[in-house]
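Here is the structure we will look at, set down as structure tokens.
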Amino acid sequence: MLNNRQYKCLYKQEFSINNYSLVPIRHNDNEEIRNWRNDQMDLLRQSTILTKEDQINYFETVVANLFVEENPKQLLFSLLYNEKLVGYGGLVHIDWINKNAEISFLTSKERSNNPNTFEQDWLNYLDLIKRVANHINFIKIYTYAYSIRTNLFPIIEKSGFEREAVLKNHVIINKHKKHVFIHSFFCDEIYYRKASKDDLKIYFKWANDTEVRKNSFNSDKISIENHTKWFLNKVVDEKTLMLVYFNSKNELIGQARIEEKENETIIGVSVNNEHREMGYANRIIFNASKHFKLLKDKSITAYIKKDNIASIKAFKNAGYKFTSNEIIQGHESIKLIFT
């Protein structure tokens, strides 16, 4: 059970790429991690040898508490390659208000001493940790590394991190003054524009996506005739805000619609199939909600099926608060509000 814990702030717990997987840190990995840390203390902010008792106590108190907090100070993960533990790390010194965090990562000395394995581990880990940062709507993640790690800096920069600062003579390692290098990665920006009549076909595709229909209160497929009539009406309706979102590669990633009805204002969001599970949902929700609030000072309501766990967490990550349980068209649902 201790190896299957879940972070409350993540609606996706496992991230995978190229046979690598990042999973919430597993209790049974504590001893292997302890050995790695003791073997490489010069790379870490660790001044004394960790005993078995130290490590067990840390995992049973500090680490265990991370899984019960809404906004923990750390998100720690085990890195697996072909299902085998090869590293560990995460986001530490998390600033939930300003949405940034430091990256930590460590593998065994043996893997670190192999240049090809070292680069492969780091590149894939950085790709995965970027996905975590996008999921929690962060703006920036950064590395804090000593100047003795010259082999690391080209890899970090290859992954898209920029050298943001050098803290000269900032630490003493083996009685020698060393610099600290800070490299930063600014999470994928999203952009938006108002929807136009030219977007009719892409909206039709999104509306009839299998997952979208499954999570809708009316799961029936939509005909092109009904969609055309509805869309051409809504896109010019002054009471409806329709925004199309795309990323820094100019790829369409989804849409948000906020409608002012008689008694409340309701939001609906969908993400393009190819861009799901990349952290875009909560970012679109947050951005669209903030945009609407700048235009009109009204609260926004979201109604979501109770079994749509991913959407519920995405809305909560974007600042929506649970208000009540509802039955909508026969479906158990919840009501959330953004104020």
Checklist outcome for this item: So, first residue within 18 Å of N98 (Cβ to Cβ) in segment 174-189, second residue aromatic (F, W, Y) and assigned to a strand (DSSP E or B), Cβ within less than 6 Å, six or more apart or across chains; the pairs are I182/Y142; I182/Y144; S184/Y142
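So is N250 modelled with pLDDT under 95, at positive phi and not assigned by TED's automatic domain parsing to the domain that holds K12 or not? Steps first, please.
Values: modelled with pLDDT under 95: yes; at positive phi: yes; not assigned by TED's automatic domain parsing to the domain that holds K12: yes.
So N250 fits the description; yes.
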Next on the checklist: Anything in segment 300-318 that is in a helix (DSSP H, G or I) and in contact (Cβ under 8 Å) with a residue 40 or more places away in the chain? List them, or say none.
Outcome noted: I309, A310, S311, I312, K313, A314, N317
Checklist entry - within 30 Å of K321 (Cβ to Cβ) and over 21 Å from the mean Cα position of the chain (by Cα), is that true of V62? => result yes
Checklist entry - For segment 246-257, does any single residue satisfy the condition of being touching a residue at least 40 places away in the same chain (Cβ under 8 Å) and assigned to a loop (DSSP other than H, G, I, E, B)? => result yes
Checklist outcome for this item: K234 meets each of (1) modelled with pLDDT under 90; (2) closer than 22 Å to N215 by Cβ; (3) charged (D, E, K, R) with one exception, condition (1)
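A quick yes/no check of all residues on (1) among the hydrophobic types (A, V, I, L, M, F, W, C); (2) touching a Phe, Trp or Tyr at 6+ places or on another chain (Cβ under 6 Å):
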{"position": "I266", "(1), (2)": "yes, no"}
{"position": "S270", "(1), (2)": "no, yes"}
{"position": "F292", "(1), (2)": "yes, no"}
{"position": "T301", "(1), (2)": "no, no"}
Item to check | Any chance T323 is in contact with a strand residue (DSSP E or B) (Cβ under 6 Å, 6 or more places away or on another chain), crowded, with 17+ Cβ neighbours inside 10 Å and not in a loop (DSSP other than H, G, I, E, B) | outcome: no
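Does Q46 count as among the polar types (S, T, N, Q) and at pLDDT 95 or above? Outline the logic, then answer.
Working: among the polar types (S, T, N, Q): yes; at pLDDT 95 or above: no.
Here the answer is no, as Q46 does not meet what is asked.
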Checklist entry - surrounded by fewer than 22 Cβ atoms within 10 Å (Cβ to Cβ), in contact with a His (Cβ under 8 Å, 6 or more places away or on another chain) and closer than 29 Å to F15 by Cβ - does that describe any residue in segment 289-296? => result no
Item to check | Flag if S108 is among the hydroxyl-bearing types (S, T, Y), within 22 Å of F153 (Cβ to Cβ) and in contact (Cβ under 8 Å) with a residue 40 or more places away in the chain | outcome: yes
Checklist outcome for this item: Listed by first then second residue, the pairs whose first member lies in segment 136-148 and is farther than 30 Å from Y191 by Cα, whose partner is crowded, with 19+ Cβ neighbours inside 10 Å and of a type in the set (A, V, I, L, M), with beta carbons under 9 Å and at least 6 positions apart or on separate chains, are A145/L152; A145/I156
Checklist entry - What helices (runs of 4 or more DSSP H) lie completely within segment 19-138 and have 3 or more residues being small (G, A, S) and surrounded by 19 or more Cβ atoms within 10 Å (Cβ to Cβ)? => result none
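The values are calculated or read from the model by the stated rules, or taken from the named source; none is laboratory data. This one's a predicted model, so the numbers in the text were calculated from it and none came from an experiment. Here the Cβ is made from the backbone with ideal geometry for all residues, glycine too, and neighbour counts use every protein chain on show.
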